[in-house]
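A short worksheet on the structure shown next.
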Amino acid sequence: MALRKGLLTVGLLALLASPTWAQFGRDGAAGWSGGIRAGALLSVTEFEDEIGPTIWGYVRRGVAENLEVELSGGYGKYKGSGDIADWTAERLLPQVDTMGDAYSTDMALGEVRLLFSPFDYEKWNPYFYAGVGFVRYDLDEQFLRTNDVEPISSGMLVPVGAGAQYKLSDSMALELSGGYTYTMLDDLNGAILDKGNDAYWTGLLGLTMGDFSAEPARPVKPTPTPMPKPEAPADQDGDGLTDQDEKTVYFTNPLMADSDGDGLSDGDEIKVFRTDPNKADSDGGSVGDGDEVGRGTDPLDAGDDVGEMEERAVEMPDLTEFSLPTVNFPLGGAAISAEEQRELSNTAMVLNQNPGILVELQGYTDNVGYSADNLRLSGKRAKAVKKYLMAQGVAGWRITVKAVGDEQPIAPNDTPEGRAKNRRVELIPR
């Protein structure tokens, strides 16, 4: 009796502790389920066998397509009746006489089964099973047994059978199964008569809990990741030449689209006009490349610059009474203030009155930020001054620009005043 109660407790605990997720074993890698089943156990021995009760708890786990492993534990009553004439007196226990003709054995059972589900129905899941198991049985309270039988013993068994599940809901299925179990024992009925091992039939009804909501998703083949397109070579100033070519082939400034300030981009000078991107007047005829292109003359032929030369003053003016200003700029900007515009307007008037003067605009910054950014900003400031002077009538070919960046400060950069002085464009007569 104690054995029976202990086994029932173990079986129920195994059921409650089991995970409850499965999909009829369709998904081999996923799916736990658990349940409880109970029914009838019919003994198969040398005597008149009777039906006893049996109850089980079990857990299952999918291991492959349509295949599950089950671990189960349960209790069974092995019972029947026999004629004492079939028992030889010399093999009975000494205290046993000819009275009594029944056997009843309590069995604690444990099994490992492999379940195969070959069919794929929406509501039904038929399966077949086979496995191995272990039985521990108690004959201590049985008064009729042969003298070579141990009162408490154990042995191996082999169960086979079939069953089916019917889905009641997305989380519950009714289960019906039947099977035959062959044992490696001949004394489950209390008698060893050398007429073959004992066995039994079972018919069980159970309830399985799990996830039966849908067919598990089939593996999705991963979409190949397209190879990334190679990035175009960097061209920071957008002049049509890569930074690498500007630095190693043409020796132009990769941060300024127009390195010589003649009004033509470095890319156009090299690819279209075949002029020198580092020289504002490629043919040396005194007219800048950009102005020659603008008026339709050849920037590579100095001979067509004569007309322009005749328009220029022959003598350089005396600039002792007028000095070219320095234009200062706000932090990080290239905007020309109203005060600086007035100075530049006066400068443009002097330059227009003296067409023989050529001017180089040298742009500078303070040391705030990265040097590469400062170099680009200094060129932008010089171009802003050139644009303003050209708007005042000064010919573009007379003006060249040069970006210096944060080099050559004229004041310390550790004070706001000093940094303000360094943010400048200097106008240098040539």
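The values are calculated or read from the model by the stated rules, or taken from the named source; none is laboratory data. On a predicted model such as this, the values are computed, not experimentally measured, just so you know. Quick reminder, even Gly has a Cβ in these numbers, built from the backbone with ideal geometry, and neighbours come from all protein chains shown.
Only one of the listed residues (379, 393) is within 30 Å of residue 285 (Cβ to Cβ), assigned by TED's automatic domain parsing to the domain that holds residue 281 and under 48 Å from the mean Cα position of the chain (by Cα). That residue is 379.
Screening residue 362 with (1) among the polar types (S, T, N, Q); (2) closer than 25 Å to residue 290 by Cβ; (3) part of a helix (DSSP H, G or I) gives one miss only, at (3).
Among the residues of region 340-377 satisfying the criterion of being among the polar types (S, T, N, Q) and touching a residue at least 40 places away in the same chain (Cβ under 8 Å), which is surrounded by the most Cβ atoms within 10 Å (Cβ to Cβ)? By that ranking, first place goes to 365.
The single condition among (1) over 60 Å from the mean Cα position of the chain (by Cα); (2) modelled with pLDDT of 80 or more; (3) over 30 Å from residue 276 (Cβ atoms) that residue 297 does not meet is (3). Looking at this structure, is residue 214 modelled with pLDDT under 90 and closer than 30 Å to residue 279 by Cβ? Considered against the rule, which asks whether it is modelled with pLDDT under 90 and closer than 30 Å to residue 279 by Cβ, residue 214 comes out as no. Can you spot a residue in region 144-164 that is within 23 Å of residue 202 (Cα to Cα), surrounded by 21 or more Cβ atoms within 10 Å (Cβ to Cβ) and at pLDDT 85 or above? Yes - at least one qualifying residue is present in region 144-164.
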